[in-house]
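First comes the structure, then the notes that go with it.
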Amino acid sequence: QVQLVQSGAEVKKPGASVKVSCKASGYTFTNYGISWVRQAPGQGLEWMGWISAYNGKTKYGQNFEGRVTMTTDTSTGTAYMELRSLRSDDTAVYYCAREDFDDSGSDYWGQGTLVTVSS
Amino acid sequence: DIVMTQTPLSSPVTLGQPASISCRSSQSLVHSDGDTYLSWLQKRPGQPPRLLIYKISNRFSGVPDRFSGSGAGTDFTLKISRVEAEDVGVYYCMQSSHFPLTFGGGTKVEIK
């Protein structure tokens, strides 16, 4: 069965960076992409960007361009999202999702990683 | 960016009664390949989003048939034929026809 397992909760200070991992299993990793989505407390879902696990091509949301880097390690089937220059309003639960642009879209989701930014 | 507008913001429903959520996009979601990549997701507190419907009307694996999707172009609807207690949560429409992917603001379904 398809599973995406994310790394654990993080607490960071303003200005720091965080790197969240998303380990995929149950499917051929390079046949799909990975989207990253976040949800701040009391807010809706916000798309951060996408990476192709096939060739590493990325698309980032405008709100994150220059501050986020998404990568994959095809040898381990793991995707990573690094967010730099953290601010308090980056406090959110971060999700990875398998992305099937040809059919079912964001079909399988990781369990979420809480990132808290606080001085 | 494509703006996704959902109505209503909140939908109090009696158990066993239907619920309907609308989603309107600021421009057509028809992709150059002819398909329309409009999805509906369910978000329960403390849980990750769950895909219910993709490409307007296709139920994802394991989704009960009381959930259905319809629409075309810029106007879409999610219907729950008979609301059950486990359906409580926030529902989001999402478009993946064009970058950046965008979500509606969410509709909270709660029991009266």
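The values are calculated or read from the model by the stated rules, or taken from the named source; none is laboratory data. Quick caveat: nothing in here was measured; it's all calculated off a predicted structure. Cβ sites come from the backbone with ideal geometry, for glycine too, and all protein chains shown count toward neighbours. Note: areas computed on protein heavy atoms with side chains; ligands, DNA, RNA excluded. Shrake-Rupley method; radii C 1.70, N 1.55, O 1.52, S 1.80 Å.
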Cα-centre dipole for segment A:54-108 with unit charges at Cβ (Lys and Arg positive, Asp and Glu negative), debye to 20:
300
Could you check how much of the accessible area of the protein assembly as shown is carbon and sulfur, as a whole percent, using a 1.4 Å probe?
46
How would you order A:56-68, B:21-33 from highest to lowest mean count of nearby Cβ atoms within 10 Å?
B:21-33, A:56-68
Regression test value, accessible area per residue of the protein assembly as shown, probe 1.4 Å, units Å², expected 45
Which of the lysines could be linked to B:LYS55 by a straight reach, that is with a Cα gap under 17 Å, when you skip same-chain ones fewer than 8 residues away?
B:LYS79
iface A-B | buried accessible area, total | probe 1.4 Å | Å², round 100 | 1800
Mean-square fluctuation check for chain B, GNM, Cα pairs under 10 Å: which of B:GLY46, B:GLY73, B:GLY16 is largest?
B:GLY46
Residues of segment A:87-119 with accessible area at least 50 Å² lower in the all-protein-chain context than alone (1.4 Å probe)?
A:PHE101, A:ASP103, A:SER104, A:TRP109
Note: probe point = Cα of B:ASP1 + 7 Å toward Cβ; backbone nitrogen < 16 Å; residues of segment B:80-98 passing the test are B:93-98
Which residues belonging to segment A:45-63 lose at least 30 Å² of 1.4 Å-probe accessible area when the assembly is complete, relative to their chain isolated?
A:LEU45, A:TRP47, A:LYS59
Size of electric dipole in chain B: Cβ of Lys, Arg +1 and of Asp, Glu -1, about Cα centre, debye, nearest 20
260
Which order do the peptides A:19-29, B:97-107 take when ranked by the mean count of other beta-carbon atoms within 10 Å per residue, highest first?
B:97-107, A:19-29
Karplus 3J(HN,Hα) series, Hz, for segment B:10-20 with 6.51 cos²θ - 1.76 cosθ + 1.60 (x for Gly, Pro):
9, 9, x, 10, 7, 3, x, 9, x, 9, 9
Which distance in nm do the two modelled labels at B:SER68 and A:SER88 give, with both placed 7 Å along the Cα-to-Cβ direction?
4.9
List the residues of segment B:86-112 for which accessible area in the full set of protein chains is at least 50 Å² lower than for the chain on its own; 1.4 Å probe, protein heavy atoms only.
B:TYR92, B:PHE99, B:LEU101, B:PHE103
